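The structure under discussion appears below in the form of structure tokens.
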Amino acid sequence: MPQEKFQIELQDRRIDGVLHLCSTRAPAVITCHGLFSNKQSDKLLQIADAFVREGFAVVRFDFGGCGESTGSIANTTVTRRLEELEAVMRHVAGHAKLAGSYGILGSSLGGYTGLLYAARHPVAALSVWATPCDLLSISNNIPQADLHKLRQEFFSDARTHNLTASVSGMRSVQVIQGREDEIVPWRHAELLHQAFHDPKELIFLPGADHSLSQPQQRLQAIAHSLAWFKRRLL
């Protein structure tokens, strides 16, 4: 299926992305990678391949300082990532080859950012994987080598966002969580799920870690997300 590369210029950085298109106008799922990941991760490539085959357009993009996007990971904050996601959504809105309905599939901080976006803007459905309800409470779970890449501003900015309060009463959200997640304890998934209203879904994957590194568990998560978006977007 055809792909369109795109670049979005923001004030001090450029966001690079790819839009996977279908042969006919299709609903789009915007994917949001985690803190230190990028759009070329095996996870997002697998998601794009599976979703396009089932009739969805898919957007992959790099947050600032990741992958092909410019900027520094040291400058990343939730607020800046929210600005970047908003810019991507503006870019794809009204695209001639898209059907006009949009979903977000986010992993970890990508899920966190996607939920904050959906609290402010209409999104037809979301599926979030391994997503914390509170960033500060999991900071000690992030490897020290990765923590050193961030500035203190990341944490001070995180204090300005109250995710569970922002998403209280939100609908059409699916939460997928590994039981053995070493970064985001499974209790976070329960707390998020409790904040949403029906229709909603909570799925635990026994034995799965934060990255869903086992191929079978990742395929299960993709299948669950695909089924969810089929019910909510098609």
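The values are calculated or read from the model by the stated rules, or taken from the named source; none is laboratory data. All values reported here derive from a predicted model rather than from experimental measurement. Note that each Cβ is placed from the backbone with ideal geometry, even for glycine, and that neighbours are counted across all protein chains shown.
Taken as a whole, the structure leaves residue 96 outside the set of residues that are more than 19 Å from residue 190 (Cβ to Cβ), crowded, with 24+ Cβ neighbours inside 10 Å and either at pLDDT below 95 or out of contact with any helix residue (DSSP H, G or I) (no Cβ under 8 Å at 6 or more places or on another chain) (or both).
The residues of segment 54-112 that are in contact with a His (Cβ under 8 Å, 6 or more places away or on another chain), over 17 Å from residue 128 (Cα atoms) and without any contact (Cβ under 8 Å) to a residue 40 or more places away in the chain, listed by number, are 66, 86.
Taking every residue in segment 216-229 that is at negative phi and pairing it with any residue that is surrounded by fewer than 17 Cβ atoms within 10 Å (Cβ to Cβ) and part of a helix (DSSP H, G or I), at least 6 positions away or on another chain, the pairs with Cβ-Cβ distances below 7 Å are 218/46; 222/46; 222/50; 226/50. For segment 108-131, give me each residue that is within 12 Å of the chain's Cα centre (by Cα) and of a type outside the set (A, V, I, L, M). Of everything in segment 108-131, those that are within 12 Å of the chain's Cα centre (by Cα) and of a type outside the set (A, V, I, L, M) turn out to be 108, 110, 111, 112, 113, 114, 117, 127, 129, 131.
Do the conditions hold for residue 130, that is, is it more than 22 Å from residue 56 (Cα to Cα) and out of contact with any Lys or Arg (no Cβ under 9 Å at 6 or more places or on another chain)? Answer is yes for this residue. In this entry, residue 148 is excluded by the filter for residues that are within 18 Å of the chain's Cα centre (by Cα) and surrounded by fewer than 18 Cβ atoms within 10 Å (Cβ to Cβ).
Residues are listed down the side, and each one gets a yes or a no for (1) among the polar types (S, T, N, Q); (2) surrounded by 17 or more Cβ atoms within 10 Å (Cβ to Cβ):
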| site | (1), (2) |
| --- | --- |
| 139 | yes, no |
| 166 | yes, no |
| 169 | no, no |
| 172 | yes, yes |
| 207 | no, no |
| 210 | no, yes |
| 218 | no, yes |
| 223 | no, no |
| 226 | no, yes |
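Against the test of being small (Gly, Ala, Ser) and at pLDDT below 95, the options 145, 125, 119, 165 yield a single qualifying residue, 145. Only one of these is surrounded by fewer than 16 Cβ atoms within 10 Å (Cβ to Cβ) and either in contact with a Lys or Arg (Cβ under 7 Å, 6 or more places away or on another chain) or among the aromatic types (Phe, Trp, Tyr) (or both): 60, 25, 53. Name it. Unique residue meeting the criteria: 25.
Just to be sure before I move on: is residue 96 in a helix (DSSP H, G or I) and more than 12 Å from the chain's Cα centre (by Cα) in the structure I sent? No; evaluated as a whole, the condition is false for this residue.
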